[in-house]
Amino acid sequence: MEVWYHGHSCVQLTHGGHSLIIDPFISGNGLAVTRPEDVKVDHILLTHAHADHILDTVPIAKANDATVVATFELAAYMGWQGLKTFAMNIGGRTSLGYADVEMTPALHSSGIVLEEEKKIIYGGMPGGFVIKWAGFTIYHSGDTSLFSDMKLIGERHSIDLAFLPIGDVFTMGPEDAATAAAWLGAKSVVPLHFDTFPPIRQDAEKFAAGLSQQGIRGISMQPGEKRVLEA
């Protein structure tokens with residue numbers, strides 16, 4: 001399976017002629033090297049409704065005739081933009097045809113801010129995803145603080161690769177993310193949600209190196225970097 005990191009919290013997974021992307025925020029990220037028009041996917045998974053996680057959803061979905069998977073409220077909003085959607089919610093599971101997806105909790109907020117109108121559209125509960133595909137179990141936590149049910153997620157799933165935010169301020173920072181990695185029992189962890197903006201500058205290499213003391217493989221990826229996940 002190919003893992004392609006587009007920066008911030010945007011991850012693309014590809015295997016066997018299928019591809020999905022999580023939280024497409026590319027055109028608004030000055031560190032990104034990929035263009036939205038370069039992305040070819042079947043599905044778009046959204047963890048929550050903040051702009052730095054949904055910005056490029058509409059153009060990518062329309063260019064690929066891709067289906068957007070999100071909470072009921074966010075799926076409704078994306079449907080109003082003329083997109084194909086599949087609504088689900090925390091604790092729900094579904095099959096994409098090539099991968100099985102479960103939506104997990106996250107402790108964060110979720111809303112679409114309309115600056116000119118000075119309005120905020122409620123985006124439903126924030127969440128994460130457990131993806132089971134081609135014999136791998138992959139967890140993307142979405143934006144979240146540390147929460148004890150991560151232990152339960154780890155107990156119920158043998159996680160090969162976890163994507164966790166480390167930026168602090170808006171999400172958990174490196175120390176809490178390291179605890180999350182241990183609670184999840186993940187074999188490998190890729191840090192997300194850092195360096196994009198000044199308040200969330202972090203040393204991802206230091207975080208990844210520190211995980212080795214817990215027997216976890218830390219993988220610091222740069223925007224545009226691809227890796228192959230092997231059994």
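Would you point out which residue out of Ala66, Ala49 is in contact with a strand residue (DSSP E or B) (Cβ under 6 Å, 6 or more places away or on another chain) and either more than 23 Å from Phe170 (Cβ to Cβ) or aromatic (Phe, Trp, Tyr) (or both)? I'd like the intermediate steps shown before the answer.
Working: Ala49 fails: either more than 23 Å from Phe170 (Cβ to Cβ) or aromatic (Phe, Trp, Tyr) (or both).
Only one candidate passes the filter, namely Ala66.
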* Structure fact -> For helices (runs of 4 or more DSSP H) lying entirely in region 132-227, having 3 or more residues that are out of contact with any strand residue (DSSP E or B) (no Cβ under 9 Å at 6 or more places or on another chain) picks out 150-156, 174-184
* Asked: Among the candidates Asp160, Asp143, which residue alone is touching a Pro at 6+ places or on another chain (Cβ under 9 Å) and charged (D, E, K, R)?
  -> Asp143
* Asked: If you go through region 6-24, how many residues are buried (at least 24 other Cβ atoms within 10 Å of the Cβ), outside any strand (DSSP E or B) and touching a residue at least 40 places away in the same chain (Cβ under 8 Å)?
  -> 3
* Subset of region 48-63 (residues that are in contact with an Asp or Glu (Cβ under 7 Å, 6 or more places away or on another chain) and either charged (D, E, K, R) or farther than 23 Å from Pro105 by Cβ (or both)) -> Ala63
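When you look at Val3, is it touching a Lys or Arg at 6+ places or on another chain (Cβ under 8 Å), β-branched (Val, Ile, Thr) and in a strand (DSSP E or B), yes or no? Step through it out loud before you land on a result.
On the way: touching a Lys or Arg at 6+ places or on another chain (Cβ under 8 Å): yes; β-branched (Val, Ile, Thr): yes; in a strand (DSSP E or B): yes.
In short, yes.
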* **Residue satisfying all of: in region 28-50; farther than 20 Å from Gln222 by Cα and touching a residue at least 40 places away in the same chain (Cβ under 8 Å); surrounded by the fewest Cβ atoms within 10 Å (Cβ to Cβ) among these** => Asp42
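Yes/no per residue for (1) closer than 21 Å to Asp42 by Cα; (2) touching a residue at least 40 places away in the same chain (Cβ under 8 Å); (3) of a type in the set (A, V, I, L, M); (4) touching a His at 6+ places or on another chain (Cβ under 9 Å):
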site	(1), (2), (3), (4)
Leu96	yes, yes, yes, yes
Ser109	no, yes, no, yes
Glu117	no, no, no, no
Tyr122	no, yes, no, no
Pro126	no, yes, no, yes
Phe129	yes, yes, no, yes
Ala134	yes, yes, yes, yes
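Can you work out which of the residues in region 40-59 that are part of a loop (DSSP other than H, G, I, E, B) and of a type outside the set (D, E, K, R) is farthest from Phe197 (Cα to Cα)?
The qualifying residue farthest from Phe197 (Cα to Cα) is Val41.
Taken together, the values in this text are just the output of simple stated rules run on the coordinates, not laboratory data. Worth saying up front: this structure is predicted, and the values here are computed from it rather than measured. Note that we place each Cβ from the backbone using ideal geometry, even for glycine, and neighbour counts take in every protein chain shown.
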